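The values are calculated or read from the model by the stated rules, or taken from the named source; none is laboratory data. As the structure is a prediction and not an experimental result, all values here were calculated from the model. Cβ placement follows ideal geometry from the backbone for every residue including glycine, while neighbour counts extend to all protein chains displayed.
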Amino acid sequence: MIMKVNNILFIALVCFILGNASAQEKNIKTNTEQETVDTSSIGNLLNSKTFEFIANTVFPITGSPKNLVGSGYSVTFSPEMIISNMPFYGRAYSGMALGRDKGMRFQGKPENFIVEKNNEYQVKASVNGESDTYSISISVSSSGFATLAISSNDRGVISYQGEIVKVQK
């Protein structure tokens, strides 16, 4: 009797282990398939040239990084217009009056708007604002996490980390 119970327990244990391994294999396949879909989605989104960069962190050239989560800072991209609503912490080279700095806030029709894929996606564009020219460069991973750098004639380069999302209408 004890031998029969041990055999039943052994068979149940083997079935449990094999069932768990099979479930993990299915989960791995599902995650891989999902990554492929996500990668494709990011590529399609970037190639449409209509997307938004949502900032999470700013990295000034001087000073420590600053958390921007929930602040609403973003850059909206479309073939017709790039609109930047980003903060600026750094050195300005022009004679801007103190307290009147509006950050990296500008808008204009993009020039040389290029999306390329190497190991990561690279997006580059330039915008002629009201009083300055801005060069924008973004490196985007297949998961949508991105590093954005903005440089201009009147200010030092500043970079941000965040994510690429679909533009909300």
ask   = If you check residue 135 against the conditions, is it over 15 Å from the mean Cα position of the chain (by Cα), closer than 28 Å to residue 64 by Cβ, assigned to a strand (DSSP E or B) and at pLDDT 95 or above?
value = yes
note = Flagged pairs (Cβ under 7 angstrom, 6 or more apart or on separate chains; first in region 45-63, under 17 Å from residue 110 (Cα atoms); second in a loop (DSSP other than H, G, I, E, B) and at pLDDT 95 or above) are 49/78; 49/79; 50/78
Residue selected from region 109-132 under the condition of a type in the set (Gly, Ala, Ser) and at pLDDT 95 or above, by the criterion surrounded by the most Cβ atoms within 10 Å (Cβ to Cβ) = 125
remark   = If we ask which residues in region 138-163 are assigned to a strand (DSSP E or B) and within 15 Å of residue 86 (Cβ to Cβ), their number turns out to be 15
ask   = Is there a residue in region 17-38 that is surrounded by 12 or more Cβ atoms within 10 Å (Cβ to Cβ) and at pLDDT below 95?
value = yes
Boolean, residue 102 is surrounded by fewer than 19 Cβ atoms within 10 Å (Cβ to Cβ), closer than 19 Å to residue 54 by Cα, out of contact with any strand residue (DSSP E or B) (no Cβ under 6 Å at 6 or more places or on another chain) and not hydrophobic (A, V, I, L, M, F, W, C) = yes
